[in-house]
Amino acid sequence: MDHIIRAQQGDDDAFNHLIDQYKSLLYRTALAYVRNEDDAIEIVQTTVYKAYLSINRLKEPAYFKTWLTRILINCAIDYIRNKKRVIPFADISDSRTTSLQDGFENEELHDSIQKLDEKYKTVVILKYFQDLTHEQIAEILNCPVGTVKTRLHRALQTLRMDLKEECING
């Protein structure tokens, strides 16, 4: 808590200490969104930059992790939206991507998660990759706990159906 207050007062070392605490969590979360090491690093860098610029607007230091995670989610979603607008020059397969499955049992599961609407993908990532409670997810997303539970339930239903179809068609 002391580092957060010092960072809000302009102490760069305190801010760096905070980021060091959470960089692994930020990276894993970004990687779950984009499944590409370089893209995940870019999202984390953008998140850290935005957090640095706006840390003095953080009202409650106790919610730093929640605040930082919310920034990361927004950056990841923005990055994905912007990347969809870019037409790829060539379909180049990145060999590092397949070795960076971090948390995904198989390719089909990962592909199914990527197909989910953003609101469903976000709750799945926060629940199963950050191991957050429904209450923590609700706080990050600024919505009721019931909404989180509903989104998670629908996401899991969709994943089950999608994976079942892939098993049948595959």
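The values are calculated or read from the model by the stated rules, or taken from the named source; none is laboratory data. Because the structure is a prediction, the values reported are computed rather than measured. Methodologically, a virtual Cβ is constructed for each residue, glycine included, from the backbone with ideal geometry; neighbour enumeration extends over all protein chains shown.
What is the one condition in (1) surrounded by fewer than 20 Cβ atoms within 10 Å (Cβ to Cβ); (2) in a helix (DSSP H, G or I); (3) not β-branched (V, I, T) that G10 does not satisfy?
Single failed check for G10: (2).
Which ones in region 111-155 are out of contact with any Leu (no Cβ under 8 Å at 6 or more places or on another chain), charged (D, E, K, R) and crowded, with 18+ Cβ neighbours inside 10 Å?
K121, E139, R151
Filter region 4-53 down to the residues that are of a type in the set (A, V, I, L, M, F, W, C) and either within 19 Å of V124 (Cβ to Cβ) or in contact with a strand residue (DSSP E or B) (Cβ under 9 Å, 6 or more places away or on another chain) (or both) and list them by number.
From region 4-53, those of a type in the set (A, V, I, L, M, F, W, C) are 4-5, 7, 14-15, 18-19, 25-26, 30-32, 34, 40-41, 43-44, 48, 51, 53; that's our starting set.
L25, L26, A30, L31, A32, V34, A40, I43 - these are the residues of region 4-53 that are of a type in the set (A, V, I, L, M, F, W, C) and either within 19 Å of V124 (Cβ to Cβ) or in contact with a strand residue (DSSP E or B) (Cβ under 9 Å, 6 or more places away or on another chain) (or both).
So L58 passes all but one of these: (1) surrounded by 15 or more Cβ atoms within 10 Å (Cβ to Cβ); (2) farther than 19 Å from G10 by Cα. Which condition number does it fail?
Result: L58 passes all but (2).
Here is a yes/no grid of residues against (1) touching a strand residue (DSSP E or B) at 6+ places or on another chain (Cβ under 8 Å); (2) hydrophobic (A, V, I, L, M, F, W, C); (3) at pLDDT 90 or above:
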{"residue": "I55", "(1), (2), (3)": "no, yes, yes"}
{"residue": "C75", "(1), (2), (3)": "no, yes, yes"}
{"residue": "R81", "(1), (2), (3)": "no, no, no"}
{"residue": "F89", "(1), (2), (3)": "no, yes, no"}
{"residue": "E107", "(1), (2), (3)": "no, no, no"}
{"residue": "D111", "(1), (2), (3)": "no, no, no"}
{"residue": "K119", "(1), (2), (3)": "no, no, yes"}
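Restricting the search to region 105-128, which residues are free of Cβ contacts under 8 Å to residues at least 24 places away in the same chain and outside any helix (DSSP H, G or I)?
E105, N106, D117
More than 16 Å from S24 (Cβ to Cβ), in contact (Cβ under 8 Å) with a residue 60 or more places away in the chain and surrounded by 13 or more Cβ atoms within 10 Å (Cβ to Cβ): which single residue out of T66, T46 fits that description?
Details: T46 fails: in contact (Cβ under 8 Å) with a residue 60 or more places away in the chain.
Within the list T66, T46, the selection yields T66.
Can you tell me which of (1) within 14 Å of the chain's Cα centre (by Cα); (2) modelled with pLDDT of 90 or more is the one A138 doesn't meet?
That leaves (1) as the condition not met.
For region 23-59, how many residues are of a type in the set (A, V, I, L, M) and not in a helix (DSSP H, G or I)? Write out each step before concluding.
Residues of region 23-59 that are of a type in the set (A, V, I, L, M), as a first pass: 25-26, 30-32, 34, 40-41, 43-44, 48, 51, 53, 55, 58.
From the residues that got through so far, the ones that are not in a helix (DSSP H, G or I) too are 58.
Summing the residues that are of a type in the set (A, V, I, L, M) and not in a helix (DSSP H, G or I) in region 23-59 gives 1.
Among the residues of region 129-150, is there at least one that is basic (K, R), touching a residue at least 24 places away in the same chain (Cβ under 8 Å) and part of a helix (DSSP H, G or I)?
Applying the first criterion (basic (K, R)) to region 129-150 yields 149.
Next, from what is left, pick out any that are touching a residue at least 24 places away in the same chain (Cβ under 8 Å): none.
Scanning region 129-150 turns up no residue that is basic (K, R), touching a residue at least 24 places away in the same chain (Cβ under 8 Å) and part of a helix (DSSP H, G or I).
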